[in-house]
1. Just grab the label-to-label distance for His75 and Phe129, each label 7 Å out from Cα along the Cβ direction, in nm (one decimal).
2. Pop the C-beta distance of Ala93 and Lys63 into the FRET formula with R0 = 25 Å and round what comes out to the nearest 0.05.
3. Below 10 angstrom from the Cβ of Met84, what's the summed charge of the other residues (Lys, Arg +1; Asp, Glu -1)?
4. Using only C-alpha atoms and all pairs of different ones, pull out the Kirkwood radius for segment 23-138 in Å with one decimal.
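Just so it is clear, none of the values below were taken in a lab; they were calculated from the coordinates. Predicted model, so just to flag it, every value in this text is computed and none were measured. Note that each Cβ is placed from the backbone with ideal geometry, even for glycine, and that neighbours are counted across all protein chains shown.
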Amino acid sequence: MLTYKNKKADDNLTTFIMGSDNPEYSVRFEKFMQAVEILNNEHVQKWKHLHDRNPRVEATWGKKYIKLTYRESGHGRVYGFVDMTNGNILYPAGYNQPTKKNPRGNIWNDDYGVNCLGSYGVGYAGERFRNDWIVEILNGE
């Protein structure tokens, strides 16, 4: 369910705010992070050597982007980025910045952007993963 914010104008338009100004943004982002956690737990169950390393994905909020970092045993690598202005899920161009072209998904989509995620992070452009089972878990189906 998406929410709307009234824009005060002469013609009484109602516009949708996709960014972090929308109160639903944190709810959608939390669902996305739950999906990341489910996907990470599935990956850890598959590989026994990861059990002792405590792998997790951490979110660091910046000015414009939320950086997702995969950490295990003190080491880290970039998992992906989420644009706070519109909810786009972006592939990392480097450790501190995302690719600004070709968003891989969006947290406002019905799948919360989960179908662009693989076990190791945000996928390449055009790559789709079959993570609908995670969406069913998130929606309680």
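1. It is 1.9 nm.
2. That pair, Ala93 with Lys63, gives E of 0.90.
3. 0
4. 14.2 Å
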